[in-house]
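Accompanying notes for the structure given below.
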Amino acid sequence: MRLDYLTIFPDYLAPLGLSLPGKAVESGLLEVHVHDLRQWTHDRHRTVDDTPYGGGAGMVMKPEPFGEAFAELGVGAGTTVVFTTPSGEPFTQALAAELSTRERLVFACGRYEGIDQRVIDHARDLAEVREVSLGDYVLNGGEVAALAITEAVVRLLPGFMGNAASLVEESHAGGLLEYPVYTKPPAWEGREVPAVLRSGDHGAIAAWRREQARRRTAERRPDLLAPSALEDGSPIVPAV
Ligand SMILES: COc1ccc2nc(C(=O)O)sc2c1
């Protein structure tokens, strides 16, 4: 997979060279290119923004630099352009899985009051476009969202995570939050590890984990539980 990032703050994406994406680049699984959007400006001040038509506070990112960048980067068939924006569709594990199947992602990181709408419209004529938000809050720009989306997507690439089995049991992987986890010592600050986890009874352990995941999800994220799951009558294990 090839990842391109268009940003006016390239240093903000320096973490891409560390942790998960860094290792994938070394292994050839990933190709990462961060581009300073200002390289596609031609005035002395390297202007990327201007005042909004129709008035209002703040500035809007100009269309020309993005258009020239798309052309130079060969944005077209086989490319998915991801605009990170507070007005985007919510980023979910399902969307991460979908994006992990793409050959190439080009992240267009907004700043100021956003990117001129014609850039998104133009991109739709060239390639697949997704407008994505991390959640119901607003950041100062799209770079943090691009980093988060990248990590969630890249770790799903086949052969990327050492222990693929761990992907299956993660929160949201199966639609539920993850069950509580414990490790040594068996007792700490007067708190014991649940006996079932030390019983060696793998069936009982699996059942306990399923119920803990359901309970945690019901308590914290009932929206993730299908209505039928709540009405199927099976008791949800009382809190541990
Ligand atoms: C102007 O560019 C922005 C501003 C805020 C923002 N917030 C995001 C989020 O995903 O929460 S993406 C994003 C892009």
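What follows is calculated from the coordinates using simple rules that are stated; it is not laboratory data. Keep in mind that this is a model prediction, so the values were computed, not measured. All Cβ positions, glycine included, derive from the backbone under ideal geometry; neighbour counts span all protein chains shown.
A few comments on the model shown:
- Residue list for segment 149-160, restricted to those being free of Cβ contacts under 8 Å to residues at least 12 places away in the same chain and within 11 Å of the ligand (Cβ to nearest atom): none
- Tally of residues being in a loop (DSSP other than H, G, I, E, B) and near the ligand (Cβ under 7 Å from one of its atoms) across segment 101-148: 13
- Annotation note: of Glu26, Glu98, the sole residue that is within 30 Å of Leu176 (Cα to Cα), free of Cβ contacts under 8 Å to residues at least 60 places away in the same chain and not aromatic (Phe, Trp, Tyr) is Glu98.
- Unmet criterion (only one of (1) within 16 Å of the ligand (Cβ to nearest atom); (2) out of contact with any His (no Cβ under 7 Å at 6 or more places or on another chain)) for Ala97: (1)
- Test for Leu6: is it crowded, with 21+ Cβ neighbours inside 10 Å and not in a strand (DSSP E or B): no
- Test for Gly76: is it surrounded by fewer than 17 Cβ atoms within 10 Å (Cβ to Cβ), more than 16 Å from the ligand (Cβ to nearest atom) and in a loop (DSSP other than H, G, I, E, B): yes
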